[in-house]
Every structure is written in C-alpha cells, then in structure tokens.
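Colleague: Provided herewith is a single structure, encoded as structure tokens, for subsequent inquiry.
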Amino acid sequence: MNSVIGRAGECIAEEYLKTRGFLVWRPGDFIRLLEVVLAYSVVSGECREEPKEPITLAIPTPVGYVSVTYWRGRCLSEGARTATPLEASLYAPCLKKCVEEAIDRPLLHVLSSAAAELLQYRAALRTVDLFAFRDGALYAVEVKTNSGKLTESQLEKASVLRRWLKPLVVRVYLQNPLVEIRPQ
C-alpha cells in the first residue's frame, strides 16, 4: 500500500513541478539523457553525409560505450542495425545535430559539464525519485508523501550529489483525496 501511495505522490509532484516551469525526468530517463549528452560532448568533426538507414552508433566515452540510434537528423529511441567501425567514424559527428535540436542550449551546457562525473554514480542516481531543471540549476528531487521523513541514506546521497545537483524535497499530502466518478 505504501508503494502505491508513494507512486501517486511522485506523479503528483512531477506534474506540480512541470506546472511551475521545471523540466522533469524519472531516473532512467535522466541517466539516458546524461549518456546522450556525454556522447555529444566526445564526438568531434563535421557531419558530411547522412546514413541511408537508421543505425545504432556505439560512442566510446570516459564511462564506457554509449549506444545512440540516429537517422535523418534525429536521435531515435528504438534500436537499429549496429554501425560498422567505418560507418561509426563517418556518421558519429551527425549526432551533434540531433542532440542540439532535442536539448535546449542552457540544459545542454549544464549537463555537458556534469555528465561524466554524474554517470559514475549511476546506482545512486537510480534511487532518486525525480530530477528537475530550471533556471540553469539541476535538482535531485525526493518526494515525501503524507508525513514521510527523509532517511539517513537519502541525506547521505544528497550530500554526495550536492556538487552537481541541488537537493529538493517535495511534500505531497494525500489525506483527503477527492475522486468523483460520474457515468456519461
């Protein structure tokens, strides 16, 4: 029951932050965003030719290989044929175009400076409830539903990630929820 209430609190907090002008991500999406930004930052060169079909490029980064599927100026979420080493060297610079189109400049700048170091803490990042961005600042969001309290491990995690992410606690109270169902 507590996990259901916690999940409801996270959904409410996510929507609340969005209405207040924050960009918000769940942990898996945020980690993937960091990986793509890191791939963007290590790729160099100029895109001279587009691939003729969707291809998945394995980009070597300081924290391992990052796979990104690219086609026609876009980064795709679904996989495709893995590029050969020759294709990867030819088409990797094209990733810059899709990342620049998908991510706003201020966010790209902030993430580029922190991505490699943050990805070294993947396990800790997976345990954060939400991530948010607004006005040039990244936030690690802990959601507390009803009278929930921050645990010692959450406080410790916040102190480790504080160098890159500002801690933010969102409290959601569900004591008197109102749900109305009417037949049409």
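Colleague: Quick one: in the range 90-107, which of the residues that are buried (at least 16 other Cβ atoms within 10 Å of the Cβ) and in contact with a helix residue (DSSP H, G or I) (Cβ under 8 Å, 6 or more places away or on another chain) is nearest to residue 140 (Cα to Cα)?
Modeller: Among them, the one singled out is 103.
Colleague: I'm trying to understand the selection: among the residues of the range 108-123, which are part of a helix (DSSP H, G or I), closer than 14 Å to residue 138 by Cβ and open to solvent by 20 Å² or more (accessible area, probe 1.4 Å)?
Modeller: 109, 110, 112, 113, 117
Colleague: Against the definition (touching a residue at least 40 places away in the same chain (Cβ under 8 Å), more than 21 Å from residue 40 (Cβ to Cβ) and in a strand (DSSP E or B)), how does residue 141 come out, yes or no?
Modeller: Criteria met by residue 141.
Colleague: So which residues in the range 51-83 are open to solvent by less than 60 Å² (accessible area, probe 1.4 Å) and outside any strand (DSSP E or B)?
Modeller: 51, 54, 63, 73, 80, 83
Colleague: Follow-up. Out of all the residues in the range 107-117, is one or more of a type in the set (Asp, Glu) and either under 22 Å from residue 14 (Cα atoms) or at pLDDT below 90 (or both)?
Modeller: No, the range 107-117 contains no residue that is of a type in the set (Asp, Glu) and either under 22 Å from residue 14 (Cα atoms) or at pLDDT below 90 (or both).
Colleague: Also, I was wondering about something else. Residues of the range 144-156 being open to solvent by 30 Å² or more (accessible area, probe 1.4 Å) and either of a type in the set (D, E, K, R) or not in a helix (DSSP H, G or I) (or both), which ones?
Modeller: Listed by number, the residues that qualify are 146, 147, 149, 150, 151, 152, 156.
Colleague: Here is a follow-up. Just one of 3, 67 is without any contact (Cβ under 8 Å) to a residue 24 or more places away in the chain, touching a helix residue (DSSP H, G or I) at 6+ places or on another chain (Cβ under 9 Å) and closer than 30 Å to residue 128 by Cα; which is it?
Modeller: 67
Colleague: The conditions are (1) at pLDDT 90 or above; (2) acidic (Asp, Glu); (3) surrounded by fewer than 15 Cβ atoms within 10 Å (Cβ to Cβ), and residue 35 fails exactly one of them. Which is it?
Modeller: (3)
The values are calculated or read from the model by the stated rules, or taken from the named source; none is laboratory data. The structure displayed is predicted, hence computed values, not measured ones. For neighbour counting, all protein chains shown are included, and Cβ atoms are generated from backbone atoms with ideal geometry for every residue, glycine included. The accessibility values were calculated without ligands, DNA or RNA, using every heavy atom of the protein model including side chains. Shrake-Rupley method; radii C 1.70, N 1.55, O 1.52, S 1.80 Å.
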